[in-house]
Amino acid sequence: MAQQWWKESVVYQIYPRSFNDSNGDGIGDIRGITEKLDYLNELGIDVVWLSPVYKSPNDDNGYDISDYRKIMDEFGTMEDWEEMLEGMHQHGIRLVMDLVVNHSSDEHAWFTEARKSKDNPFREYYIWRESKEDQPPNNWGSFFGGSAWEYDEESEEYFLHLFSKKQPDLNWENEKLREEVYDLMKFWLDKGVDGFRMDVINLISKTPGLPDAEVTDDSPYQWGGDYFVNGPKFVEYMNEMNEKVLSKYDAMTVGEMPMATPEDGKKYTNENDGIVNMLFQFEHMDVTSGPGGKWDQQAWKLTDLKRIISKWQTELHGTGWNSLYMENHDQPRSVSVFGDDQEYRVESAKMLAAWLHFLQGTPYIYQGQELGMTNVYFDDIKDYEDIETLNMYNEEIVEKGRNPEEVLDAIHKKGRDNARTPMQWTDEKNAGFTTGTPWLKVNGNYHEINARKALSDENSIFYFYKNLIRLRKELPVLIHGNYQLLLEENENLYVYTRSYQDTTLVIAANFSKEMCELNLPETLNGGKLLVHNYHDVANQLQNESNMRPYEVKVYML
Ligand code: NOJ
């Protein structure tokens, strides 16, 4: 397996709006990031993935871009950005930018031109269709609710938007558009960025003819994924992008790919003819979803998580590469979902960290995860800001007449604002995030959970992460080792090994509040204790031992 810097790296995701506000307007900004480079350096991460900082009307917090070459006013200037990049590079931190090119903003000049008339030269940058018997051209639903089509009065046709109405999908069939995308990628790579996280990149190729989706319920809008997920020309476009742009730079790529299976992962990240270095899949995030999908959160089973993770680990071993994440700006806080955000918050946050970081792949830490930040439970819908959440609430309450408490409960569990509350730096006003009024309320638990406190406590979650990051630099088995699952049927304990040359690591994690017995084959006895989240742990692995609530212990044999 080839050696690559991004295999040996740990990535830290910054959601700039919520990271650190340097000018008191209540919105995080680029200078705010630069102020915190020493903090990131202390943690020891290698790469920052920065969510979009481009010019945007912020319908979807920067994932709707109106100028790919400009910095959003609220975030600062190009000079600020250059200073930040220089600071990162001086600290040995690489920068991966977000590339959002499945869609643009409807305020992008391409779109304002395109909608002027059917024969405008930019018309073909987007996807336009005539109405079908006074209805949208097909029955596809948008990810953010309602139809995926919006009627444009001025030019009398519908345009496609898989996300919000203000995020029209770009037409990748058009070679000119593709060249524009490659140019803007070069623009940033030439400025020194070290790679891209590619937003919903496997949605860029739509099946010609845009057929109606299969009707599975009585909603007027249906899931059209069969006609745009990993579409017919997806790989062709990505090969072109690699050939024309990426192959000329030492850049890392991670593609966000909804619905990706381990088979897709193996193909798309293959070292020889893959299209990205790694991808973000969602299968493991979906273990908590019931038949009703994302907003139908249910009790989850550890055996499901094991099945999914094990498949990704074994399928990609030796040929492809995994990304490892439990949190990002679209997901709830992992300690609230997979751990315990009350009594065992610290233990479970550490357990999840170790369990994830010892898997094979590149680990991602989402801002605040290293502090064990938790979900937020606002009881007034007015406190939420996320477009997806608000659209859903509106549809469920206003259109379907559902009980508001029930809907709020779903938001508490899965809403994206859980991860977007401001970063908790100190126990001062607004958690030290801003001197102004934060754009989204801070989580009330910042007196207890904040970076200053974590930095002054050697047993904090922060230093636990720091240690995991350090170990990655020291132990080749972490990068190269194969993965084997033990105790497959156990609903409380997740135990696996990683082996490389003559080293074996045993990772035992208790995902429950129960005290559990850990019984292992005698061949795994001995070794030395490497990582643990309780104080008094045996120095050597014994084939019979106990696992306390959310305990994790890692031995090296
Ligand atoms: C995925 C991004 O992570 C999410 O935040 C965004 O809303 C959609 N793509 C649309 O860009």
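The values are calculated or read from the model by the stated rules, or taken from the named source; none is laboratory data. What you see is a predicted model, and the numbers here were worked out from it, not measured in a lab. Positions of Cβ are generated from backbone atoms using ideal geometry, with glycine treated the same way; all protein chains shown enter the neighbour counts. Side chains included, ligands, DNA and RNA excluded: accessible areas come from the protein's heavy atoms. Shrake-Rupley method; radii C 1.70, N 1.55, O 1.52, S 1.80 Å.
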- Note on the structure: Across the stretch 104-126, the tally of residues that are more than 16 Å from the ligand (Cβ to nearest atom) and either touching a strand residue (DSSP E or B) at 6+ places or on another chain (Cβ under 8 Å) or among the hydrophobic types (A, V, I, L, M, F, W, C) (or both) stands at 7
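Residues D226, D250, D264, D273: which one is modelled with pLDDT of 95 or more, under 22 Å from V100 (Cα atoms), part of a loop (DSSP other than H, G, I, E, B) and acidic (D, E)?
D250
Would you check which residues across the stretch 111-154 are in a strand (DSSP E or B) and either touching a residue at least 60 places away in the same chain (Cβ under 8 Å) or not acidic (D, E) (or both) and list them? Before the answer, list the steps.
Step one: of the stretch 111-154, the residues in a strand (DSSP E or B) are 126, 128-129, 132, 135, 140-141, 147, 149-152.
Listed by number, the residues that qualify are Y126, W128, R129, K132, Q135, W140, G141, S147, W149, Y151.
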- Task: For residues that are touching an Asp or Glu at 6+ places or on another chain (Cβ under 7 Å) and either within 16 Å of the ligand (Cβ to nearest atom) or open to solvent by 40 Å² or more (accessible area, probe 1.4 Å) (or both), tally how many sit in the stretch 78-103.
- Result: 7
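Take G195 and decide whether it is on the phi > 0 side of the Ramachandran plot, small (G, A, S) and within 16 Å of the ligand (Cβ to nearest atom).
Details: on the phi > 0 side of the Ramachandran plot: yes; small (G, A, S): yes; within 16 Å of the ligand (Cβ to nearest atom): no.
Here the answer is no, as G195 does not meet what is asked.
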- Message: Here's a check for you: in the stretch 261-293, which residue that is under 14 Å from the mean Cα position of the chain (by Cα) and in contact (Cβ under 8 Å) with a residue 24 or more places away in the chain is nearest to the ligand (Cβ to nearest atom)?
- Response: F280
- Reported set for the stretch 87-126 where residues are touching a helix residue (DSSP H, G or I) at 6+ places or on another chain (Cβ under 9 Å) and among the acidic types (D, E) is D106, E113, E124
- Task: Quick one: which helices (runs of 4 or more DSSP H) lie wholly within the stretch 294-403 and hold at least 3 residues that are farther than 14 Å from A419 by Cα and within 16 Å of the ligand (Cβ to nearest atom)?
- Result: 387-394
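I want to confirm something. Restricting to the stretch 520-545 and keeping residues that are charged (D, E, K, R) and outside any loop (DSSP other than H, G, I, E, B), which single residue is nearest to F358 (Cα to Cα)? Can you show your working first?
In the first step, residues of the stretch 520-545 are kept if they are charged (D, E, K, R); the result is 522, 528, 536, 544.
Now drop any that are not outside any loop (DSSP other than H, G, I, E, B), which leaves 522, 528, 544.
Numbers: E522: 22, K528: 16, E544: 22 Å.
Step by step, filter the stretch 520-545, then rank; the result is K528.
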